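Everything on this sheet refers to the single structure shown next.
The values are calculated or read from the model by the stated rules, or taken from the named source; none is laboratory data. Here the structure is a predicted model, which means the values were calculated and not measured. Here the Cβ is made from the backbone with ideal geometry for all residues, glycine too, and neighbour counts use every protein chain on show. Quick note on the areas: whole protein, heavy atoms, side chains included, nothing else; ligands and nucleic acids left out. Shrake-Rupley method; radii C 1.70, N 1.55, O 1.52, S 1.80 Å.
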Amino acid sequence: MKHIYLQLLFGILLSCSNVNKNNNNGKLINDYTIKIDSLIQTTSLRSFNGVILIKQKDKTKYSKVYGYSNFENKTPISIKDNFRIQSNSKQITAVLILREVEKGKIDLKSPIKKYLPDLGQTWVNTVTVHQLLNMSSGIIGIDKPLIFEPGTNYKYSNPAYGLLGRIIENVTEKKYIDVANALFKELKMTNTYCYEIYKKSQLLNGYRVSDEKFELVKFNELGIFKEWWKSFIPAGGIISNVNDLNIWDTKLHNGKILKPETYDLMTNYNIIGKHSAFGNKEIGYGYGVRIDDNKSIKIIGHAGKGLGFTSIKFYIPEKDINVIVLENIYNEDTNLVYYFENEIRKIVLNSSLVK
């Protein structure tokens, strides 16, 4: 009996040691801090360069900056630095649409012809606003035929979100950037705004990486036209930082931006698709968010990449945990571009934060 008791006691002590350890200063460190700290210092596959913020019930559980905002000058990166959030912009566009739904100005089930009367494509009479939002429209280009019947399959589509931006402009009679920026002001997201092409911006450098060689992405040399960029802003043209994104997530997921029934529409799904930042497995796509409820812990989030930047952010409703990772590097190896984002997600989901 004594032997069994000692085994049980040893097991409890071992379990506790896996959750918390002491650092060199004698301070208690949790399991996810140890693992994330170790992860972002590795360079065997690629280097990490960016910021990480984890909050639970508005308490900071992890906050770390690592690397440079300017590699040429070796300027250290800051938690306050602004990043391109790329496709994380889509959930902002989705919210702007849903706020107009709440006002009765948009019907999600209506064909988009109702809101885009000047669009001449034949499919405007069959594609609905709902299908633009959840990536089931079949649109791969404005001047191209659909690749499947709307609502029958999943295909990630930047052009679909460009059309959502045009719908917002038509129903509000305002520019998309003005509607979005007004919402950021309302939410007190003071460092978040729509990037307007060739205008001066408070933005850290973004880098393209190949074989660990860092090349500065010079936006004004990419040959991007103003009209193309205007249509891209609702899909990936918003600037923000981790503190503002935490404000967004906290308010979005706690009923401060949308009505509960509208939020439920946004965060439920009937279409599934894969994404490498979420384990490259079939998970749900709602309105500008991915929903992974394959395990006991549900997560709601999105990722973004391009123009020298990479990001992921996700929220765990059951635990009120928000995780944001922003990098100002974009690795051209598609197998590595979301390496750290994917690993951090796995560390958090297997940590004492959620167990």
Vicinal HN-Hα couplings computed from phi for the range 169-180 (Karplus, 6.51 cos²θ - 1.76 cosθ + 1.60; Hz; Gly/Pro x): 5, 5, 7, 9, 6, 9, 5, 3, 4, 6, 5, 5
DSSP-loop chymotrypsin sites (Phe, Trp or Tyr not before Pro) across the range 169-218, with at most 16 other Cβ within 10 angstrom: TYR198
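At most 12 other Cβ atoms within 10 Å and a DSSP loop assignment: could you name the trypsin sites (Lys or Arg not before Pro) in the range 40-69 that fit? Working shown, then result.
Numbers: sites: ARG46, LYS55, LYS57, LYS59, LYS61, LYS64; in loops: ARG46, LYS57.
Qualifying residues, ordered by number: LYS57.
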Helix 31-40 axis, angle to the chain major axis (alpha carbon atoms, nearest 10°): 70
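In cubic angstrom, how much convex hull volume per residue do the alpha carbon atoms of the range 85-240 span? Could the numbers behind the result be given before it?
Working: hull volume 20.9 nm³, N = 156.
Dividing the Cα hull volume of the range 85-240 by its residue count gives 134 Å³.
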0 to 90° range, to nearest 10: angle between helix 339-349 axis and the chain longest Cα axis: 60
Top of ILE177, ILE291, ILE147 by mean-square fluctuation, Gaussian network on the chain, Cα under 10 Å: ILE147
Test item: Cα-centred dipole of the chain, Lys/Arg +1 and Asp/Glu -1 on Cβ, debye: 740
Label-zone membership for the range 61-89, site GLN202, 7 angstrom Cα→C-beta point, backbone N under 18 Å: 69-70, 76-85
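For every helix of n ≥ 4 consecutive DSSP H residues, a contribution of -39,500 (n - 2.57) applies; sum these over the chain, divide by its total residues, and give [θ] at 222 nm rounded to the nearest 500 deg cm²/dmol. Show your work: numbers first, answer last.
Numbers: 10 runs with 113 residues, N = 355.
When only DSSP H runs of four or more count, the value is -9500 deg cm²/dmol.
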Table column - 3J(HN,Hα) (Hz), the range 304-314, Karplus curve with 6.51, -1.76, 1.60, x for Gly and Pro: x, 7, x, 6, x, 9, 9, 7, 8, 8, 8
Helix 226-236 vs. the chain, principal-axis angle (Cα, 0 to 90°, nearest 10): 40
Amide N of the range 121-164 lying under 18 Å from the label point, which is placed 7 angstrom from the Cα of GLU261 along Cα→Cβ: 130
With 5 Å bins from 0: P(r) over the range 266-329, alpha-carbon pairs, percent: 4, 17, 27, 26, 16, 7, 2, 0
Rounded accessible area of SER38 (nearest 10 Å², 1.4 Å probe): 70
Around LEU187: net Lys/Arg minus Asp/Glu count, Cβ-Cβ under 10 Å: +2
31 Å Cα-Cα threshold exceeded, pairs from LYS35/LYS319; LYS188/LYS213; LYS59/LYS200; LYS114/LYS200; LYS61/LYS105: LYS188/LYS213; LYS59/LYS200; LYS114/LYS200; LYS61/LYS105
D (Stokes-Einstein, µm²/s), Kirkwood Cα radius, the chain, 0.692 mPa s at 37 °C: 153
Normalised alpha carbon radius of gyration of the range 223-355 [divisor 2.2 N^0.38 Å]: 1.08
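So, by mean Cβ neighbours within 10 angstrom, what's the order for 322-331, 342-351, 107-116 with the highest one leading? Before the final figure, lay out each step's value.
Values: 322-331: 26.3, 342-351: 19.7, 107-116: 16.7.
Sorting 322-331, 342-351, 107-116 by mean packing, highest first, produces 322-331, 342-351, 107-116.
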Restricting the range 116-198 to trypsin sites (Lys or Arg not before Pro) in coil, as DSSP defines it, with at most 11 other Cβ within 10 Å: LYS188
